[in-house]
Amino acid sequence: MKIDIDKLTEAELVDLNNRVVERLRFLSQMHAHGEMLQFKIGDRVSFQPEGHPVVVGMLTRYNRKTVTVITDSGQRWNVAPRLLQRGDSSNAAGDLAPNVIRLRKK
């Protein structure tokens, strides 16, 4: 379907613009949602903010366009899912955060 915008009134152009913008927002949210599905709450993730060293933390929340990551140092970051990489999930005692204590089975 082609629309000849030269024949539309100002009101019709404004309406068309609003519909296009809303559709683009929807597509962007769907794309972000698809990227979020690659991760689940509790996953260890890493990312590199511009001008900063790599940040490692745990994904704690899904937001509309971002996810919330709590870093090992306690900082909270809202990050676009496309910037995340899966973090190291090994459970070696040396890799645990300082406030985590390994319990032994009896």
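Please go through the range 53-88 and pick out each residue that is modelled with pLDDT of 90 or more and of a type in the set (Ser, Thr, Tyr).
60, 68, 71, listed by residue number.
Among the residues that make up the range 47-58, is at least one of them of a type in the set (A, V, I, L, M, F, W, C), touching a Gly at 6+ places or on another chain (Cβ under 7 Å) and either outside any loop (DSSP other than H, G, I, E, B) or farther than 25 Å from residue 71 by Cβ (or both)?
Yes; the residues of the range 47-58 include at least one that is of a type in the set (A, V, I, L, M, F, W, C), touching a Gly at 6+ places or on another chain (Cβ under 7 Å) and either outside any loop (DSSP other than H, G, I, E, B) or farther than 25 Å from residue 71 by Cβ (or both).
Looking for something closer than 19 Å to residue 85 by Cβ and assigned to a helix (DSSP H, G or I) - is there at least one such residue anywhere in the range 17-28?
Within the range 17-28, not a single residue is closer than 19 Å to residue 85 by Cβ and assigned to a helix (DSSP H, G or I).
The values are calculated or read from the model by the stated rules, or taken from the named source; none is laboratory data. Predicted model, so just to flag it, every value in this text is computed and none were measured. Glycine gets a Cβ as well: all are built from the backbone with ideal geometry, and neighbour counts include every protein chain shown.
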